[in-house]
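We did not get these values from a lab; they are worked out from the coordinates using the rules stated. If you're wondering where the values come from, they're calculated on a predicted model, not measured in any experiment. Please note: Cβ atoms are built from the backbone with ideal geometry, for glycine as well, and neighbour counts cover all protein chains shown.
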Amino acid sequence: MSALEATQSKSASARLVQAAALVVTFGLLLTATRLAPAEAGVVGTVAGLGFLLLAGTLTSELIEALGIPHLTGYLLAGVLAGPDVLALIDRATLAQLGPVNTLALSLIALAGGAELHIELLRSTARSLATGEGSAFSGAGSSMVVFLRQRCWHGRRAVSKMPCSCFAQAHKQRRSLEGCCRAF
Amino acid sequence: MSPILLLTGLLALAYFGTMLVERRSMRGFGLPSGTEFLLVGVLIGPRFMGLISTPALTSFGGLTAVALAWLALIIGAHYGWARGRRVPARRMLLGVGLASVAVVMTGAAAGLVAWLVTDLDWRDLLLLAMGVGAVSAETTRHAVRWVIERYAAEGPLSELIGDATEADDAVPILMLALIATMAPHEGSLALSFPGWAALLSTVGIGAAMGATCAALFDIEPRTTQRWGIVVGTGLLAVGASTRLGLSGIATTFVMGLTAASLSRQRAALEALLTTTERAVMLPALVLAGAHVGFPDRMPFLPIVIVAVAGRVAAKLLAGRLFRRSLKQEGVGSRTLGLGLLPAGVLSVTAGFACALQLQTIVGEIILAVAVTHAIVGEIVGPVFLRRALRSAGEIRSAAADTPHPVPARVIEGARRLVARGPRLRSSERPPKLRASQSSDIGDDPR
């Protein structure tokens, strides 16, 4: 079953289950961090990794019902759990998740490269230029903004931008494939 | 050895080890409890050859804790099931009861000897007794299945032993939960929970995450998303419970048990988790072996000897009870009891978890006792189990009498080869027959 079919086939009760699971996920980590607020080292990293994996998946599934892309769901879960909002993931844990971030980035880039077909690119060059142009121009302008902020906030924000671009491109391609199959 | 090199080695071991073990169809060759991987760890560890340094081992502490908790999740997911059916309640009670007896006998004996020969305080003595009890409780199902499948044993005794060894897994996990309550993990905040509240919290977190996992697993048809759900809930359960000073292993065990009980797709969940068992188990055994040290700061040898003797006594008692419950005259209760000695992954995992949790001489002794149980059980257990099954008439005598029995699959393959006859060159083969000709020499329907 494709991702599009699986998402469309989910009923309202399934969405309700996902929402309840998201509440449990947030509730558990919220309780743990409030009862044991000190920086937890490896334990915090393990909990943070599990939380991000689960909460990201659930949020993206839930907001997809509203027609919003998965990537926004991941970002939303991250913003809510991050040190500036609910502080479920502290800054030390974020720093320790750096290798995971790098690994994910590498895998996305690898998958992106592996999925490129030269013949397909040639034949659809024009539609790609118009369809994806807006996404890349948006990403490009964001990159400029982040580059300008680099002198205040360091390099981290900029280094994550290619990841977003790859993920967005990958997602759009999947959606297009799903639409083509549906037609 | 650098941590990166060690990680690479462990990953390679997980890959090739799993491939080898899977191919031999439930360990047709090799040692029944997987002790060879433990011994490899002991040999390359810092106390012997020193190929793995202590700092490299220490840097794997967090990863190891997660691996052990994952193994507990797998054990929880198939707890109470054997050969595709649910273990009857009476046999569950028998397995749990006998494991509890082993905990009390070995724990009391080890605690008493430690009190006589060491200057440990009461808390450490209690932790030592509980830890030694935890690592002495189980009879590993891997070794029992190894013997049963290798000799194609079939009958009431094989079934009883198989069921009881599935049931006794809960006892060491419960002991680990109690130990975590008494001595929380170093990185956690020690909350002022009373013991019963800590146990309830462990069960509560495990049950909540298990129910979440089951609910999400059932509504998600895609395998890739299912992986995310199981890994995410598992890691969150381990991290949150350890942060609260609870046992991550006990939490994931309850989680696995709850998820498997509530999920409508239990078989799919179990199959998904089982694919990871060997890949996690083999590196964990190597790391456990590398952690083993034989402490020289105190007289630990008497404690190990007493623990082994206590376990032998407990298993002899179990053998007598098994024999009485089945009323099989031909089987000697001593033979059967010694056949229940194999200790494997769960014992070593429990010992390793204690060593990581306590970080003291007590933890080192518990791990040393666990490894000794695994080695003694490996040498003694399968031989006597085979003898007991043969006495019960559940093994064909031809297979049992062979000094180095060959797995049934290999025998079957050899038979097929012999039946096929010698392979001829193409020039020596007879010409192919036409359909009309072949019907002439085939079985005449008349």
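Annotations for the structure displayed:
- Additional length obtainable on full extension of the chain from A:S13 to A:H117, 0.36 nm per residue less Cα span: 33.5 nm
- Take the Cβ atoms of B:T54 and A:R126, set R0 to 60 Å, and the FRET efficiency comes out at 0.45.
- The length gained on full extension between B:R85 and B:W227, counted as 0.36 nm times the residue separation minus their Cα-Cα distance, comes to 48.6 nm.
- Across segment B:306-321, computed HN-Hα scalar couplings (Karplus, 6.51 cos²θ - 1.76 cosθ + 1.60, θ = phi - 60°) run 5, 5, 5, 5, x, 5, 4, 4, 5, 6, 5, 4, 4, x, 5, 5 Hz from first to last residue, x flagging Gly and Pro.
- Simple spin-label estimate for A:V100 and A:V85 gives 1.7 nm between the two label positions (7 Å along the Cα-to-Cβ direction from each Cα).
- Karplus-based coupling profile of segment B:36-47, in residue order and whole Hz: 4, 6, 5, 5, 4, x, 4, 5, 8, x, x, 7, with θ = phi - 60° in 6.51 cos²θ - 1.76 cosθ + 1.60 and x standing for Gly or Pro.
- Each pair of Cα atoms in segment B:68-203 enters the Kirkwood radius, and Stokes-Einstein at 25 °C and 0.890 mPa s then converts it into a translational diffusion coefficient of 148 µm²/s.
- Only the Cβ atoms of Lys and Arg (+1) and of Asp and Glu (-1) were treated as charged; on that basis the dipole of segment B:160-278 about its Cα centre amounts to roughly 380 debye.
- Residue mean of other protein chain beta carbons inside 10 Å, A:16-23: 4
- Long-range HN-HN contacts of B:W81 with modeled amide H, under 5 Å: B:V87
- Two-site label geometry, B:A309 and A:L110: point separation in nm, points 7 Å out along Cα→Cβ: 5.5 nm
- Relative to the current alpha-carbon distance between B:R324 and B:D119, full extension at 0.36 nm per residue lengthens the span by 69.6 nm.
- Rounded to whole Hz, the Karplus (6.51, -1.76, 1.60) HN-Hα couplings of segment B:101-114, x for glycine and proline: 4, 4, 4, 5, 5, 6, x, 5, 5, 5, x, 5, 5, 4
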